[in-house]
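Working notes for the structure below.
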Amino acid sequence: MSETVSALSGAKFTGFAQVTETGLRGMITVRGDLTSKEMAAAIKVATGAEVPAQRKVSIGEKGKVAWMSPDELLVVVDYATVLDTVAVLSESLSGTHALVANVSDARAVFEVSGAGTRDVLAKLAPVDLSHDVFSADEIRRTRLAQVPAAFWQTGSDSFEVICFRSVTQYVFDVLRLSATQGGEVQHIG
């Protein structure tokens, strides 16, 4: 039996910010009526988090939940618990019009960290990343250079970036180039 590995085996780059592929992560797409009491209960049981508001991320003791669209959430948990979490969500949402799909192996996650993190992302995505606009509980589903991606702030100087596994090398390369010394924008306060 083969062993599951991440797309880039923890690749790292350090420039004026650090880019690191974080390894395997459990990710579940949940689609349905985000305003229903059934959805709220299912998310709470599975993660301990609330259903997030538009463009927000909620954090619970068993995982985090990101708003992706008016009828879609991304549930992020430890890779080892993803199948159990899928089962809990599927059971909790049975009888409702909902979809629960394990997308863990179709995605890759990067951490971009350091004082220049906002500059790295600002050069690649059409998003206002200033501190007074982009707060710690927000997510943006956008483009990084030429590919779709999503990112949220995980610390004062760190963000997580999610992309499709098929473009992992490209995303690593554009993040790496954006973080190369001498490329600082230094306009984000």
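Rundown of residues vs (1) modelled with pLDDT of 90 or more; (2) at positive phi; (3) loosely packed, with under 14 Cβ neighbours inside 10 Å; (4) more than 17 Å from the chain's Cα centre (by Cα), yes/no style:
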site: SER113; (1), (2), (3), (4): yes, no, no, no
site: VAL127; (1), (2), (3), (4): yes, no, no, no
site: SER135; (1), (2), (3), (4): no, no, yes, no
site: LEU144; (1), (2), (3), (4): yes, no, no, no
site: TRP152; (1), (2), (3), (4): yes, no, no, no
site: SER156; (1), (2), (3), (4): no, no, yes, no
site: VAL167; (1), (2), (3), (4): yes, no, no, no
site: ARG176; (1), (2), (3), (4): yes, no, no, yes
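When region 143-170 is examined, which residues are found to be in contact with an Asp or Glu (Cβ under 9 Å, 6 or more places away or on another chain) and in a helix (DSSP H, G or I)?
ARG165, THR168
Among the residues of region 16-29, are any surrounded by 20 or more Cβ atoms within 10 Å (Cβ to Cβ), outside the structural domain of ARG140 (by TED's automatic domain parsing) and in a loop (DSSP other than H, G, I, E, B)?
no
Please indicate, with yes or no, whether at least one residue in region 172-188 is aromatic (Phe, Trp, Tyr), assigned to a strand (DSSP E or B) and under 16 Å from THR22 (Cβ atoms).
no
Which condition from (1) over 16 Å from the mean Cα position of the chain (by Cα); (2) not in a helix (DSSP H, G or I) is the one that SER58 breaks?
Tallying (1) over 16 Å from the mean Cα position of the chain (by Cα); (2) not in a helix (DSSP H, G or I), SER58 fails exactly one: (1).
Just checking, does region 36-57 include any residue being of a type in the set (Asp, Glu), under 22 Å from ALA108 (Cα atoms) and not assigned by TED's automatic domain parsing to the domain that holds ILE162?
Within region 36-57, none of the residues are of a type in the set (Asp, Glu), under 22 Å from ALA108 (Cα atoms) and not assigned by TED's automatic domain parsing to the domain that holds ILE162.
Considering (1) surrounded by fewer than 18 Cβ atoms within 10 Å (Cβ to Cβ); (2) closer than 22 Å to LEU175 by Cβ; (3) in contact with an Asp or Glu (Cβ under 6 Å, 6 or more places away or on another chain), say which one THR96 fails and leave the rest.
(2)
Taking region 30-52 as the search range and keeping residues that are buried (at least 20 other Cβ atoms within 10 Å of the Cβ) and under 14 Å from GLU91 (Cβ atoms), which one is nearest to the chain's Cα centre (by Cα)?
By that ranking, first place goes to VAL30.
Hey, among the residues in region 61-88 that are of a type in the set (A, V, I, L, M, F, W, C) and assigned to a helix (DSSP H, G or I), which one's surrounded by the most Cβ atoms within 10 Å (Cβ to Cβ)?
VAL82
The values are calculated or read from the model by the stated rules, or taken from the named source; none is laboratory data. Computed from a predicted structure; not experimentally measured. Don't worry about glycine lacking a Cβ; one is built from the backbone with ideal geometry, like all the others, and counts go over all protein chains shown.
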